[in-house]
């Protein structure tokens with residue numbers, strides 16, 4: 001479905017399971033950043049009513065996910081801790097086209113968001129299948145499905161607002177680029193490595 005060029009090494013779950021506090025903290029901040037990104041899209045591209053409508057609903061959902069992860073941390077006696085920089089996302093930002101038309105910038109932002117959601121979905125699937133904790137397995141199964149829907153939302157918006165052919169061509173470029181940078185983050189314990 002996502003056509004990710006490089007799958008996550010299945011051993012990544014072992015790293016994540018060794019430090020649940022770190023993976024849950026990183027996950028919580030990823031949800032907060034997803035909400036912030038949706039707000040930024042609304043602000044930067046307010047001339048697209050469908051985008052504003054979809055992003056406003058997404059903000060609410062992402063903050064609900066943040067709250068759920070926060071309570072998972074709290075219930076396990078962990079603290080939220082400080083926000084973590086996401087080097088994976090930082091590397092993706094470097095690939096965004098700058099100085100292009102509004103539609104080019106919008107397409108890249110939507111495709112980057114789709115890629116982050118696709119990678120998160122893939123990682124959540126691994127967590128849902130391999131974590132020893134049955135509650136966390138069920139939680140990550142549910143969020144995996146949510147991330148897949150977010151991926152579909154971003155790809156659909158990009159195609160609808162900026163054209164299917166050009167979007168699909170640029171999506172392939174994003175997939176190729178992401179495969180290259182994923183190798184840098186294969187040993188990390190965070191949601192994106």
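Worth a mention:
- Computed [θ] at 222 nm, deg cm²/dmol, the chain (DSSP H ≥ 4; -39,500 (n - 2.57); rounded to nearest 500): -25500 deg cm²/dmol
- Computed over the Cα atoms of the stretch 83-193, pair by distinct pair, the Kirkwood hydrodynamic radius stands at 14.8 angstrom.
- For q = 0.17, 0.19, 0.20, 0.25 Å⁻¹, Debye-computed log10 I/I(0) when each Cα of the stretch 1-98 counts as one equal scatterer: -0.97, -1.11, -1.16, -1.26
- Peptides 141-152, 116-127 ranked from most to least packed by the mean count of surrounding Cβ atoms within 10 Å: 116-127, 141-152.
- Tilt relative to the chain, helix 49-75 - C-alpha long axis, 0 to 90 degrees, to 10: 10
- Rounded FRET efficiency, nearest 0.05, which uses the C-beta distance separating residue 152 from residue 79 and R0 of 30 Å: 0.30
- On Cα atoms only, tilt of 164-182 relative to the major axis of the chain in degrees: 40
- In terms of packing, defined here as the mean over residues of other Cβ atoms within 10 angstrom, the peptides 50-57, 66-73 line up highest first as 66-73, 50-57.
- Measuring nothing but how far apart in sequence close Cα pairs (under 8 Å, 6+ apart) lie, relative to its length, the stretch 23-66 scores a relative contact order of 51 percent.
- Segment residue 104-residue 71, length gained on full extension (0.36 nm per residue, minus Cα span): 8.0 nm
- Per residue, the average separation of C-alpha pairs within less than 8 Å and at least 6 apart gives the chain a relative contact order of 30 percent.
- Computed FRET value (nearest 0.05) for residue 179 with residue 53, which takes r as the C-beta separation and R₀ as 35 Å: 0.60
- Order of 27, 192 - criterion: other Cβ atoms within 10 Å of each residue's Cβ, fewest first: 192, 27
- Relative contact order %, the stretch 52-155, counting alpha carbon pairs below 8 Å whose residues are six or more apart: 20
- Estimated translational D of the chain in µm²/s (Stokes, Kirkwood radius over Cα pairs; 4 °C; 1.567 mPa s): 76
Bear in mind that the values in this text are calculations on the coordinates, not laboratory data. Please read these numbers as outputs of a predicted model, since none were measured by experiment. Backbone-built Cβ (ideal geometry, glycine too); neighbour counts: all protein chains shown.
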